[in-house]
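Here's the structure, in structure tokens; my notes come after.
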Amino acid sequence: MKTLPFLLIIFIYSCSDKTPKTTKSNNPFYEKAWEYLDKGDNINAFIEFGKAKEIFLKNKDSLGVGKCLMNMGIISTDKGDYFGGQEISLEATKYFNENKPDDYKYLKANYNNLGIASFNLKNYDTSLRFFDSAIKYSDSLSYDYIYLNNKALTFHGIKNYKEALKIYNQILKETPKRKIDYSKALTNFAYTKWLQNANYNPIPEFQKALNIRLKEKDNWGLNSSYAHIADYYIKNNQDSALVYSRKMYSIAKDLQSPDDQIEALQKLITLENPQNSKYYFQVYQKLNDSVQTARNKAKNQFALIRYETEKNKADFLKATAESTERQNHIIKQYFVIGVIVLALVLSILWFKKRQKRLQQEKLLEVKNTELKYSKKVHDRVANRIYQILSQVENTDYIDKDSLLFGLENVYETSRNISYENSDVSEKQNFRDQLSNMLTSYSSKSVHIFITGNEAETWENTNLLQKTETYLILQELMTNMKKHSQADKVSLKFLNENSRIFISYIDNGIGINELSPKNGLQNMENRIISINGTINFDTETKNVLKINLSFPL
């Protein structure tokens, strides 16, 4: 009787998951490899897959690399190079993504091949783990049954018939209508049951499976059935065993399966008469030697191909490195020259840009100075002159000395404006200074009402805040006098929540539309300089409301 590992190989390779060629690739070597594989030229297919792998590596196509390695591993294992097949398939796992369902069909085929290679290397526990992985990534029942069968046959091989039978029972329960899968599981179940119990009669199950396979024209299945039935009859009915052995040999030749032919010849040598037995022995010896020679040759060829591929790759990388080193040396020379030229160009550009920037800064400084003094003339001279004019206009009797003092003050302000003299004196009470300025705009026709202008209101304000407030209110009072036609002006000051609030209201003609004139722009710039805000109410007719505030 042929040993189980041989039967396992027969079964696995007859159902191995050699994934079909997918959509057309942009890698010509990959397409060529499949052409060779379709013709049964495994050696050239292996070589072309190796070339295709390098192209995929260059293109950073991980899936392409994994598919090439997977097929190379299957070819190696199929030809008896189990160590090589295992090594290549393990390398392939690095290029598949276990989180991408699109990669599952390649993962399961690759793990199945690892399971087969491990079994043939007698690493049964490892083989079982690989078959479990193949089952994990299987997405169709037909492939599940293949991998479950392989797993069961591995248990069979280590004589753990109990676990093998559990799997066969599972398959039989789940495949009542899948005739080929059912017949396969039924045959293996009966064969395992018989090995577990020599008194068990597996013939009913064998015959049932055989009838299904005859009907379905499943030649690989028929080969298996004839082998199992012959094994059973060898001890108790050699005539029947001889009949089924002959049938196995015939169909094995049709399948062009040398391993199955060898197994059938072994049975025939034992069962035939001496003359036929001698003939079959000669055929067996010749075929067995041929198979062993072919397998040894294939092993050596695959090893040599891998060696040559790696050697050529190493030589290419070495030549590329030397060429790159020479190119780098030339590039370095050009780089140094380029850096020097670039430095000179940048230096010239920087010098010109610096000269232009300095020129622009000088022009900007002149413009800012002009703007600064224009603003000072407007705020400190024009508004004060208008304040004096308003005082003269609205006062029946003008003290000559007071008028001269005011004019002299304007003169001093104008003469010393470049020395940054302040409009607000730190030595005087700001409340009084502000009150004097505001009331100077009062007349018989213009009544000014002031509330909240107390010394406590201005306690935590600094000189800049006081000065800007003074000048903003001075601008408002001047605009009121010149444009508003108001006869009542209300100013309210409030110090609350660490913030100064100022409310200005007059009953003049109001502002229908804000326009960015100098006075308005100056007020906005000043309030912004102390982090404050200014809001104009232009909605109410004949009333102007302005609210200012800034933080202490």
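Across region 209-241, the number of residues qualifying as touching a Ser or Thr at 6+ places or on another chain (Cβ under 8 Å), buried (at least 16 other Cβ atoms within 10 Å of the Cβ) and part of a helix (DSSP H, G or I) comes to 15. Of the residues that make up region 154-170, is at least one under 20 Å from ASN113 (Cβ atoms), of a type in the set (S, T, N, Q) and crowded, with 17+ Cβ neighbours inside 10 Å? Yes, the conditions are met somewhere in region 154-170.
Comparison of ILE251, ILE229 shows that the only residue that is touching a residue at least 12 places away in the same chain (Cβ under 8 Å), more than 25 Å from GLY80 (Cβ to Cβ) and in contact with a helix residue (DSSP H, G or I) (Cβ under 7 Å, 6 or more places away or on another chain) is ILE229. Take the conditions (1) outside any helix (DSSP H, G or I); (2) modelled with pLDDT of 90 or more; (3) within 60 Å of the chain's Cα centre (by Cα); SER515 misses just one of them, which is (2). Return yes when ASN26 is in contact (Cβ under 8 Å) with a residue 24 or more places away in the chain and assigned to a loop (DSSP other than H, G, I, E, B) and no when it is not. Spelling it out, it is not the case that ASN26 is in contact (Cβ under 8 Å) with a residue 24 or more places away in the chain and assigned to a loop (DSSP other than H, G, I, E, B).
Residue-wise test of (1) over 30 Å from TYR82 (Cβ atoms); (2) modelled with pLDDT under 85; (3) aromatic (Phe, Trp, Tyr).
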{"position": "ALA298", "(1), (2), (3)": "no, yes, no"}
{"position": "ALA303", "(1), (2), (3)": "no, yes, no"}
{"position": "ASN312", "(1), (2), (3)": "no, yes, no"}
{"position": "ALA321", "(1), (2), (3)": "yes, yes, no"}
{"position": "GLN327", "(1), (2), (3)": "yes, yes, no"}
{"position": "ILE348", "(1), (2), (3)": "yes, no, no"}
{"position": "VAL366", "(1), (2), (3)": "yes, yes, no"}
{"position": "THR369", "(1), (2), (3)": "yes, yes, no"}
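Criterion first (under 21 Å from ALA164 (Cβ atoms), of a type in the set (Ser, Thr, Tyr) and surrounded by fewer than 23 Cβ atoms within 10 Å (Cβ to Cβ)) does TYR191 satisfy it? Spelling it out, it is not the case that TYR191 is under 21 Å from ALA164 (Cβ atoms), of a type in the set (Ser, Thr, Tyr) and surrounded by fewer than 23 Cβ atoms within 10 Å (Cβ to Cβ).
Every listed requirement among (1) in contact (Cβ under 8 Å) with a residue 40 or more places away in the chain; (2) of a type in the set (Val, Ile, Thr); (3) farther than 28 Å from VAL381 by Cβ is met by ILE448 save one, (3).
The values are calculated or read from the model by the stated rules, or taken from the named source; none is laboratory data. Keep in mind that what you see is a predicted model, and the values were worked out from it rather than measured. Positions of Cβ are generated from backbone atoms using ideal geometry, with glycine treated the same way; all protein chains shown enter the neighbour counts.
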